[in-house]
Amino acid sequence: MNHVNSPDNTDSAIEREIVAKGKTSPRVTPADVHANIVSDFYFTAADGYIAVNCNESYPKPLDLLTFCVLVLRNGFTVTGESACASPENFDPEIGRKIARQNAEQKIWPLLGYELKTELARPVLTQADADADLAGTPRPSK
């Protein structure tokens, strides 16, 4: 089997490529995604089951499902999950990393929508602002 190196498709690598190509229009960046996260919480499905069912025994596969909850600066939450197929390969730290990556991917479309809405708003001209302050109708365009 031949091994082909796959391109670096991380968010940071893509941002570097955008910058290198001189793209300067407004866009969502990895820094924007990270700046919108105010806190993170991690737990397994087993943790959730035990909390609800007062430590009663639980199905062991619940140990292999990790959740990440990210709280965004406006209070909205997004979740990510990581499920491990083989108990022998389960690693809590790796599970948390994958769950967080999956949660972060859900932030991109939210910020993209927010940016597009902002870009679609009409630009307030100085003449519009002056008319608003004077309590007179805005000049027609």
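Between N55 and E17, what is the FRET efficiency for a Förster distance of 41 Å, r being their Cβ-Cβ separation, to the nearest 0.05? Once rounded, the FRET efficiency stands at 0.25.
Grab the Cα-Cα distance for T29 and T125, subtract it from 0.36 nm times how many residues apart they are, and report the gain in nm with one decimal. It would help to have the intermediate numbers written out before the result.
On the way: separation 96, 0.36 × 96 = 34.56 nm, distance 2.80 nm.
Fully extending the segment from T29 to T125 adds 31.8 nm.
Kirkwood hydrodynamic radius of segment 14-134 from all distinct Cα pairs, in Å? Could you put the intermediate results ahead of the total?
Numbers: mean 1/r = 0.0569 Å⁻¹.
Computed over segment 14-134, the radius equals 17.6 Å.
For segment 45-97, trypsin sites (Lys or Arg not before Pro) are listed when DSSP marks them as loop and at most 15 other Cβ atoms sit within 10 Å of their Cβ; the list is R73.
Read the figures in this text as sums done on the coordinates, not as results from a lab. Quantities reported herein were computed from a predicted structural model and do not represent experimental measurements. Neighbour counts are summed over all protein chains in view; Cβ atoms, including those assigned to glycine, are modelled from backbone coordinates with ideal geometry.
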